[in-house]
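Read through the structure below, which is laid out as structure tokens, and then see the notes.
Readers should treat all values here as calculations from the given coordinates under stated rules, not as data from a laboratory. Please read these numbers as outputs of a predicted model, since none were measured by experiment. Note: ideal-geometry Cβ built from the backbone for every residue, glycine included; neighbour counts use all protein chains shown.
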Amino acid sequence: MITFYYHPSPNPAKVALYLEEAELPYEFAPVDTRQGDQHAPAFTAINPNAKTPALVDGDITVFDSTAILLYLAEKTGKFMPKNTPAERATMYSWLMFVATGIGPYSGQCVHFRHFAPEPKTYAVNRYDFEAWRHWNLVEAQLAKHRYMLGDAYTLVDMAVWGWARVVPFVLGGAEAWEKLPNVKRLLDEVNARPAAQRAEALKTRHAFKTEMDDAARKAMFPQNARLAG
Ligand SMILES: N[C@@H](CCC(=O)N[C@@H](CS)C(=O)NCC(=O)O)C(=O)O
């Protein structure tokens, strides 16, 4: 049986969607990052990086959303492109683009736009610019193809969906959709899938802390302790 370590945020959402799409049974293990659960030794034994998601499958442990997506896709054979060098090369390219570009730049854009103390003009400008640059590349790909890899819905679309759900929060408001109509089209299509609705409903299975108070900031932004004096 799979145990899925989850918090209602973009990277775990990708994995929630895959598990639901592939109809894999799993036990739900909430990790309340605003309460500091990610730093508990029992969790860092599973994910030394102290972040969600993580997954335990029998005696196998896998952490980091992209690694988990690939693990599950190799395990089930579902939502993978054809096993040709060309198709796999395209898949790895876009999957890693989401992992190393969309995720980190969107995440930092959220951090500086919504949570960092002033002065932050330089940082907001840099991360907003880079987040837009990355999302515009996804937009261009989806303007050419129905899905990220062409005609078939794959794990790459699930990786994009995790972050597309929060584009207005990342890019400064719902008007961002006017410049990303094809990303919005994919988001709406995936949102309409029963698996996506089950994945979204996971957040109601635990009373996750929503306040970003001092305790939450201490758990999530440990770097601030170095500024305290
Ligand atoms: N590269 C990692 C990033 C994981 C990550 O940043 N997870 C966030 C939620 S989206 C988290 O758990 N944050 C808690 C923290 O930073 O303390 C992945 O893709 O899984």
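Round to a whole angstrom and tell me the spacing of the C-alpha centers of segment 1-48 and segment 100-158.
22
In square nanometres, what is one fourth of the surface area of the convex hull spanned by the alpha carbons of the chain?
Quarter of the Cα hull surface area: 13.2 nm².
To the nearest 500 deg cm²/dmol, what mean residue ellipticity at 222 nm is calculated for the chain from DSSP H runs of n ≥ 4 alone, each contributing -39,500 (n - 2.57), summed and divided by the residues?
-15000 deg cm²/dmol
If exposed means no more than 10 neighbouring beta carbons inside 10 Å and the site is in a DSSP loop, what's the longest run of the chain without any exposed GluC sites (Glu not before Pro)?
Here the longest run is 24-174.
Just tell me which lysines come within less than 29 Å, Cα to Cα, of Lys218; anything on the same chain fewer than 8 places away is out.
Lys14, Lys51, Lys120, Lys203, Lys209
Give me the dipole magnitude in Debye, nearest 20, for segment 85-192 about the Cα centre, with unit charges on the beta carbon: positive for Lys and Arg, negative for Asp and Glu.
The calculation lands at about 140 debye.
Membrane-span-like helices in the chain: DSSP H runs reaching 20 Å or more (Cα, own axis), mean Kyte hydropathy at least -1.0?
TM-like helix candidates: 121-144.
Can you work out ³J(HN,Hα) from phi for every residue in segment 165-173, in order, using Karplus 6.51 cos²θ - 1.76 cosθ + 1.60 and θ = phi - 60°, giving whole Hz and x for Gly and Pro?
For segment 165-173, the Karplus-derived couplings read 4, 10, 3, x, 5, 6, 9, x, x Hz, x marking Gly and Pro.
Give me Phe28, Phe79, Phe169 sorted ascending by neighbouring Cβ count inside 10 Å, so fewest comes first.
Phe28, Phe169, Phe79
If you bin the C-alpha pair distances of segment 85-192 every 10 Å from 0, what whole percents do you get?
15, 48, 27, 9, 1
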